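The next block holds one structure in the form of structure tokens; read it before the comments.
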Amino acid sequence: MNTMQTYKNPIVEQRADPWVYKHSDNYYYFVASVPEYDRLEIRRSKTIQGIGKAEAITVWRKNETGPQSSLIWAPELHFIKGKWYIYFSAARTDQPVNGTFDHRMFVLENESPDPLKGEWIHKGQVKTEWESFSLDATAFEHKGILYYVWAQRDFNIKGNSNIYIAEMENPWTIKGPQVMLSRPELPWETIGFHVNEGPAILKRNGKVFITYSCSATDHNYCMGLLTAEEDSDLLNPASWTKSPNPVFQSAPENGQYGPGHNSFTVSEDGSEDILIYHARNYTEIEGDPLYDPNRHTRAQVFKWNEDGSPNFGIPLPDAVNKSKSKS
């Protein structure tokens, strides 16, 4: 592979909140929000580019009624202690409740070595310290401890959601306490909506990074960055520093708008770090941006700054400049 792998974007059309995980079998596993918000599906490919052509296997569908009957959002697929887990959020209604949607966070478990086979067992809701709009959960292990990071509303803080972290007792239970690491407070975090959401973990160069997404889901959507030393107490908010400016944002010159809700993986030969994210290629959104289906999954190589922090650059143009297609 050459020193700068390039991918032909978009990788997958109409898939927002993309999560790509490269497993020990050298397959890339892909999950994301589908435009219908009604199911969880997994794709598998030996290459990142090939994810778009891989068969989408539906592994779970929303319930007819109850807390998992509407707006299935932002799944992530994790392999923890020999089992597969899908974290996702769901609501009991597609209408806002008390100013935000009614999502809660849930977990499915599969003991099969192959997540496309076996049975997905429901492990229930991940209970936090209070009941409110909560979503976008991710998990990571660090120095033998399993952590859970997610977005949740605190009714005492203005806005839709803040970023929290907690230690986990097991992959579906928080040990507590939950600690707020970031709230929407800077100008670029509060356009349209006060939002911090979509956390993703990156560990490198003696540091732990959390990217997150901010503002409304239109062209103002962008990514921020939290940084902690790897030997610090990750449950102490003082261990974390928020970057003062967005680290990835719209690039009108490249026809890319609202990049965010990212995940991380590595190139096929393991030599390069890859940012996986969604974005649109136009700004003229009809109606609520949330229901516009054309947030496509994209992949991009990123580099590192001399201080050890990630340098994501700017969103690169699509391989083919497509018009506002509903296809």
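The values are calculated or read from the model by the stated rules, or taken from the named source; none is laboratory data. Note that the structure is a prediction, hence the values are computed from the model and not measured. With ideal geometry, Cβ positions are generated from the backbone for all residues, glycine too; neighbour counts draw on all protein chains shown. Each accessible area value is taken on the protein alone, full model and side chains, heavy atoms only, with ligands, DNA and RNA left out. Shrake-Rupley method; radii C 1.70, N 1.55, O 1.52, S 1.80 Å.
The table below lists the values:
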| quantity | calculated |
| --- | --- |
| Residue check, Glu109 of a type in the set (D, E, K, R) and either without any contact (Cβ under 8 Å) to a residue 12 or more places away in the chain or open to solvent by less than 60 Å² (accessible area, probe 1.4 Å) (or both) | yes |
| Region 180-205, residues that are without any contact (Cβ under 8 Å) to a residue 60 or more places away in the chain, surrounded by 17 or more Cβ atoms within 10 Å (Cβ to Cβ) and either charged (D, E, K, R) or assigned to a strand (DSSP E or B) (or both) | Leu181, Arg183, Glu189, Val195, Asn196 |
| Selection status of Val59, in contact (Cβ under 8 Å) with a residue 12 or more places away in the chain and closer than 22 Å to Pro259 by Cα | no |
| Some residue of region 303-310 being touching a strand residue (DSSP E or B) at 6+ places or on another chain (Cβ under 8 Å) and within 27 Å of Pro35 (Cα to Cα) | no |
| Out of Gly66, Gly82, Gly159, sole residue that is touching a strand residue (DSSP E or B) at 6+ places or on another chain (Cβ under 7 Å) and open to solvent by 10 Å² or more (accessible area, probe 1.4 Å) | Gly159 |
| Within region 23-40, tally of residues that are within 15 Å of the chain's Cα centre (by Cα) and within 20 Å of Lys83 (Cβ to Cβ) | 4 |
| Wholly within region 1-112, strands (runs of 3 or more DSSP E) carrying at least 2 residues that are within 30 Å of Ile157 (Cα to Cα) | 16-22, 28-33, 70-80, 83-91, 104-110 |
| Number of the condition not met by Glu129 [criteria: (1) touching a Phe, Trp or Tyr at 6+ places or on another chain (Cβ under 7 Å); (2) open to solvent by 20 Å² or more (accessible area, probe 1.4 Å)] | (1) |
| Boolean, His261 is closer than 28 Å to Asp318 by Cα and either of a type in the set (A, V, I, L, M, F, W, C) or part of a strand (DSSP E or B) (or both) | yes |
| Within region 278-315, tally of residues that are of a type in the set (Gly, Ala, Ser), under 14 Å from Ser250 (Cα atoms) and open to solvent by 10 Å² or more (accessible area, probe 1.4 Å) | 1 |
| Odd one out for Lys46 among (1) at pLDDT below 95; (2) open to solvent by 70 Å² or more (accessible area, probe 1.4 Å) | (1) |
| Number of positions in region 145-166 that are part of a loop (DSSP other than H, G, I, E, B) and of a type in the set (Gly, Ala, Ser) | 1 |
| When residues of region 125-183 are limited to those that are of a type in the set (A, V, I, L, M) and touching a His at 6+ places or on another chain (Cβ under 6 Å), the one farthest from Ala228 (Cα to Cα) | Leu135 |
| Considering residues of region 217-245 that are open to solvent by less than 10 Å² (accessible area, probe 1.4 Å) and touching a Pro at 6+ places or on another chain (Cβ under 9 Å) only, the residue nearest to Gly258 (Cα to Cα) | Tyr221 |
| Inter-residue pairs, beta-carbon under 6 Å, first small (Gly, Ala, Ser) and at pLDDT 95 or above and in region 63-90, second surrounded by 20 or more Cβ atoms within 10 Å (Cβ to Cβ) and not in a strand (DSSP E or B), 6+ apart | Ser89/His103; Ala90/Gln68 |
